[in-house]
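So the structure is just underneath, and the comments pick up after that.
The values are calculated or read from the model by the stated rules, or taken from the named source; none is laboratory data. From a predicted model like this one, the values you see are computed outputs, not experimental measurements. Positions of Cβ are backbone-derived with ideal geometry, glycine not excepted, and every protein chain shown enters the neighbour counts. To get the accessible areas, we keep the full protein, side chains included, count just its heavy atoms, and leave off ligands, DNA and RNA. Shrake-Rupley method; radii C 1.70, N 1.55, O 1.52, S 1.80 Å.
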Amino acid sequence: RAKRPAPPLETDWMAGKVGAFVHYWPGIAGREARKFDVERMKRDLVAAGVDYFFLTLGQNAGTYIAPNETFERITRRKRGISTSACNGRDIPREMIEALRGTGIKFCLYLPCRPPARAPEDYERMGYIPSLDGLKDCTETSEGLKNWCEVIGEWSERYGRDVHAWW
């Protein structure tokens with residue numbers, strides 16, 4: 001029987017622990033960010049005995065649960081269009097505050113590219129959209145730089161309050 005390899009040092013904090021991962025997509029299937037109940041989520045996570053919790057900042061639909069001025073500037077979207085799903089809320093910040101003192105490590109998830117379902121954003125970000133609009137875009141150095149700036153804004157905002165990024 002082969003010995004299981006040890007987890008990488010970067011993720012050894014997850015070994016033998018219980019985690020939760022929530023793909024919350026406001027604007028899809030009638031979900032509204034204003035209805036996201038931070039206190040209930042906290043109670044459920046504590047009751048489940050989780051050690052870490054991942055929450056999606058956004059997915060490929062192009063809606064996010066927190067504002068991002070860099071994304072809005074680069075894509076030339078007006079405040080509230082790309083982040084209308086957050087309804088003026090900063091749900092990650094609310095979760096960070098709610099989980100303080102619980103021992104639960106708060107983590108964030110974000111796709112490695114801008115929203116696939118918004119080809120105009122791809123182009124404005126500096127990526128080349130696929131011809132059929134169904135496949136991943138083509139990366140460019142400008143696109144990667146811009147997407148890193150978008151992620152950087154969230155990263156700087158939350159700082160060490162986010163234990164890990166996926």
- Message: I need every pair where a residue in segment 29-43 that is basic (Lys, Arg) has its Cβ under 6 Å from the Cβ of a residue that is at pLDDT below 90, sequence separation at least 6 or different chains.
- Response: 34/87
- Verdict on residue 31 being open to solvent by 90 Å² or more (accessible area, probe 1.4 Å) and either of a type in the set (Val, Ile, Thr) or at pLDDT 80 or above (or both): no
- Query: Which ranges mark the helices (runs of 4 or more DSSP H) fully within segment 81-160 that have 1 or more residues being over 30 Å from residue 47 (Cβ atoms) and either at pLDDT below 95 or open to solvent by 40 Å² or more (accessible area, probe 1.4 Å) (or both)?
  - Reply: 119-125, 141-158
- Task: Go through segment 34-72 residue by residue and tally those that are outside any helix (DSSP H, G or I) and surrounded by fewer than 15 Cβ atoms within 10 Å (Cβ to Cβ).
- Result: 3
- Message: I need every pair where a residue in segment 44-58 that is on the phi < 0 side of the Ramachandran plot has its Cβ under 6 Å from the Cβ of a residue that is of a type in the set (Lys, Arg), sequence separation at least 6 or different chains.
- Response: 51/17; 52/105
